[in-house]
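Beneath this line is the structure, given in structure tokens, with notes to follow.
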Amino acid sequence: MKFRHSMTWLHTWAGLVFGALLYLMFVTGSAGYFDLEITRWMQPEIPVQQSSFDAPALLPKAEQRLQQLAPHADHVYIELPEGRSPYFMIWWHNPKGVDNPGWHSEVLDPSSGAPVAVRNTAGGEFLYRLHYVLHYIPKGLAYWLTSLAAMFMLVAIVTGVVIHRRIFKDFFTFRRSHRQTAWLDMHNLMGVLPLPFHLMITYSGLILLMFSTMLPVPASSFGLNPEKLRQVYDTVFSDGDHARGNGMAASSLPLVELYNLDHSKHSGATIAYLAVENWGDEKAVVEVGKLAQTGLEPFDVSYYQAVNGESFKGESQLRDRFLSLSFYHVIEHLHEGLFAGPWLRWLYFLSGLMGAGMVATGSIFWAIKRRHAHEKAGLDSRAVRWVENLNVGVIAGLPIAIGGYFLTSRLLSATLENRVDWEMHSLFVVWFVALLHPFLPRRQCDLSQLWAEQFKAAAVVYASIPFVNWMTSEVHLGMSLKYQDWTLVGFDFFALVLAACCAYFVHKINGRQRVSTMETVGVSQ
Amino acid sequence: MRKSPSSIVSRTGAAIVGGYVLANCMAFALAAALPLHQIDATLMAMQLTYLFYAVAAIWAFAANRARTAWLGLVAPSGIALLIWALLRFV
């Protein structure tokens with residue numbers, strides 16, 4: 001009994017201390033599973049794809065564009081709008097010593113192959129990065145903070161299982177009549193149903209940052225010399241140079257021929273990208289990535305020599321020899337979910353949101369219980385009110401802020417110089433206002449009124465998203481439904497679903513408020 | 001849970017700092033002891049650190065007294081460090 005008491009205490013505080021950060025990580029990390037889709041919505045200049053992608057006709061145009069833009073590039077990459085990717089896009093890498101060294105990219109029209117001038121946007125990648133790089137603080141510090149929060153999460157998960165002797169029985173219990181226990185039951189439901197996901201995502205998240213947080217371990221094996229450690233790191237994580245150029249220029253086969261060659265070898269597979277290493281070199285190697293049907297890798301990959309189309313076999317990779325490294329890659333793939341098709345991707349997303357819900361309901365439940373205890377003991381409950389106010393600003397405020405980020409992206413001028421920065425600032429400005437709102441002095445302030453106000457704001461923000469899309473672009477529901485562009489349909493439609501959920505919350509809160517007012521009136525009579 | 005504030009502060013320190021030290025020391029020993037390629041063994045140990053860390057943190061609050069909690073972290077850390085030193089430098 002005493003042990004369970006300690007564990008209950010630990011569970012409560014481990015979850016609560018980093019509650020806000022964990023909530024942010026769960027929400028933005030979940031959004032990250034749709035980063036490409038979000039970015040695509042935020043770049044409305046790309047026209048709706050009106051017919052299925054015609055690779056043999058359009059690939060030469062992409063290659064031509066690359067030759068025109070990047071004659072000296074050493075690596076090039078062509079992404080095709082297949083599978084999850086909504087992009088027909090070219091990327092090139094200029095080596096040092098050439099104008100504009102580094103990676104560059106251009107978006108092409110998936111119907112015509114013509115270049116599209118897209119606006120700069122922080123896109124879905126910003127939300128994805130927010131869940132572990134955070135913002136406004138150095139990367140290294142963010143890694144430590146998010147790792148620490150994840151460590152607290154891990155402890156909260158383990159102790160959560162320990163304190164639930166009747167974990168499965170509790171799971172099937174939902175007592176909605178009693179307010180306090182309803183919150184606890186909801187917390188249990190969202191904690192237990194996706195428990196394997198929560199464990200996996202937390203532990204794998206920690207492992208992905210281990211070279212920041214557990215640096216003493218490699219130092220214990222290889223010494224403190226940073227150069228030596230860097231070397232070990234590079235050996236572990238290099239993809240292995242598949243081919244080295246010999247510096248002799250040679251004309252390669254057109255990429256479309258390699259596309260057709262690979263297509264005839266693997267009929268039925270969908271080619272998602274082509275990449276060339278040592279472009280224009282005699283030893284150039286073309287990598288053809290196809291959407292994987294099974295397994296954890298997102299792509300099945302084949303390699304060809306660019307000059308003659310013969311198969312090319314790269315060196316065997318380190319991960320095939322090291323058990324630890326294959327484990328690491330499994331963990332990485334599981335966390336990132338790049339292999340997930342549409343259904344599994346939605347499951348990932350919803351499991352992540354349930355993680356956010358678990359943190360949120362836990363924190364709400366704590367505040368309710370504390371308030372009861374304080375009122376019973378006749379203690380000053382100002383500190384509890386503080387937590388309650390923070391709960392409103394964090395739990396309801398963050399979704400408003402993210403919605404505000406989407407709207408800002410559309411409302412800012414497409415040519416504004418620092419628009420990417422302002423998009424990102426907008427999220428924090430809106431969130432700051434939402435965090436402040438419960439603390440504003442007012443005559444009479446009921447907690448449920450604050451919740452209702454914020455969810456009302458969230459409902460308005462999300463309901464307006466499809467309409468703002470309609471007003472500001474040609475990629476609105478009218479077009480996307482007509483041409484069955486499910487990426488765009490999905491974004492607008494999910495915004496409406498969120499708006500409906502928030503409106504439902506408002507309705508519930510108001511309903512309960514009416515009931516409690518009636519009860520009070522009844523008692524006083 | 002009725003525990004004095006000083007006990008809670010001490011246990012929190014044990015969980016966060018002591019747990020981190022223990023997790024690392026265990027990983028040092030494991031990386032040196034596993035009969036694998038050195039890089040392989042190190043990576044394996046690194047990936048297990050968080051498991052040690054979680055167990056250590058839970059121990060810090062499960063132990064009867066704060067002092068026992070610290071002892072239960074420091075002693076195995078010392079032993080692990082000794083094993084590491086013996087395997088690595090002797």
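The values are calculated or read from the model by the stated rules, or taken from the named source; none is laboratory data. Keep in mind the model is a prediction, meaning the values are calculated, not measured. Note that each Cβ is placed from the backbone with ideal geometry, even for glycine, and that neighbours are counted across all protein chains shown.
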_Let me confirm something: among A:420, A:430, which residue is in a helix (DSSP H, G or I) and surrounded by fewer than 20 Cβ atoms within 10 Å (Cβ to Cβ)?_
A:420
*asked:* Checking the condition in the same structural domain as residue A:403 (by TED's automatic domain parsing) and within 30 Å of residue A:383 (Cβ to Cβ), which residue from A:430, A:460 passes?
replied: A:430
*Of all residues in the stretch A:321-343 being surrounded by fewer than 17 Cβ atoms within 10 Å (Cβ to Cβ) and of a type in the set (Gly, Ala, Ser), which is farthest from the other protein chains (Cβ to nearest Cβ)?*
A:341
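Identify, please: which residue in the stretch A:1-43 is part of a helix (DSSP H, G or I), more than 14 Å from every other protein chain (Cβ to nearest Cβ) and among the hydroxyl-bearing types (Ser, Thr, Tyr) and is, among those, surrounded by the fewest Cβ atoms within 10 Å (Cβ to Cβ)? Talk me through it step by step, then tell me what you get.
Filtering the stretch A:1-43 for residues part of a helix (DSSP H, G or I) gives A:2-17, A:19-32, A:35-41.
With more than 14 Å from every other protein chain (Cβ to nearest Cβ) added as a condition, the list becomes A:19-32, A:35-41.
After this cut, where a residue has to be among the hydroxyl-bearing types (Ser, Thr, Tyr) as well, the list is A:23, A:28, A:30, A:39.
Details: A:23: 23, A:28: 23, A:30: 22, A:39: 20.
Going through the qualifying residues, I end up with A:39.
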*Under 6 Å by Cβ, and 6 or more places apart or on different chains, what pairs join a residue from the stretch A:1-27 that is on the phi < 0 side of the Ramachandran plot with one that is outside any helix (DSSP H, G or I)?*
A:5/B:1; A:6/B:1; A:9/B:1; A:25/A:131
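Would you confirm whether or not the stretch A:283-296 contains a residue that is away from chain B (no Cβ under 12 Å), under 30 Å from residue A:152 (Cα atoms) and assigned to a loop (DSSP other than H, G, I, E, B)?
Kept after step one, since they are away from chain B (no Cβ under 12 Å), are these residues of the stretch A:283-296: A:283-296.
When the remaining residues are screened for being under 30 Å from residue A:152 (Cα atoms), the result is A:296.
Going one step further and asking which of them are assigned to a loop (DSSP other than H, G, I, E, B), we end up with A:296.
Among the residues of the stretch A:283-296, at least one is away from chain B (no Cβ under 12 Å), under 30 Å from residue A:152 (Cα atoms) and assigned to a loop (DSSP other than H, G, I, E, B), which makes the answer yes.
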*In the stretch A:259-274, how many are surrounded by fewer than 19 Cβ atoms within 10 Å (Cβ to Cβ) and assigned to a strand (DSSP E or B)?*
0
*asked:* What's the number of the only condition in (1) touching a Lys or Arg at 6+ places or on another chain (Cβ under 8 Å); (2) free of Cβ contacts under 8 Å to residues at least 24 places away in the same chain that residue A:270 fails to meet?
replied: (2)
*What tally of residues in the stretch A:398-420 results from selecting those that are touching a residue at least 40 places away in the same chain (Cβ under 8 Å) and farther than 22 Å from residue A:464 by Cα?*
1
*Is there any pair with a first residue in the stretch A:86-106 that is assigned to a strand (DSSP E or B) and a second that is surrounded by 17 or more Cβ atoms within 10 Å (Cβ to Cβ) and of a type in the set (Ser, Thr, Tyr) whose Cβ atoms are under 6 Å apart and which are 6 or more apart or on different chains, and what are they?*
A:91/A:77
_Tell me yes or no: at least one residue of the stretch B:58-81 is closer than 30 Å to residue A:234 by Cβ and either within 12 Å of chain A (Cβ to nearest Cβ) or without any contact (Cβ under 8 Å) to a residue 40 or more places away in the chain (or both)._
yes
*Hits in the stretch A:224-268 - residues which are more than 14 Å from every other protein chain (Cβ to nearest Cβ), of a type outside the set (S, T, N, Q) and touching a helix residue (DSSP H, G or I) at 6+ places or on another chain (Cβ under 8 Å)*: A:240, A:254, A:255, A:256, A:259
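Let's see how each residue does on (1) aliphatic (A, V, I, L, M); (2) crowded, with 19+ Cβ neighbours inside 10 Å:
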{"position": "A:62", "(1), (2)": "yes, yes"}
{"position": "A:86", "(1), (2)": "no, yes"}
{"position": "A:97", "(1), (2)": "no, no"}
{"position": "A:106", "(1), (2)": "no, no"}
{"position": "A:110", "(1), (2)": "no, yes"}
{"position": "A:134", "(1), (2)": "yes, yes"}
*Quick one: residue B:28 ticks every box in (1) over 10 Å from the mean Cα position of the chain (by Cα); (2) more than 7 Å from chain A (Cβ to nearest Cβ); (3) closer than 20 Å to residue B:86 by Cα bar one, so which box is it?*
(2)
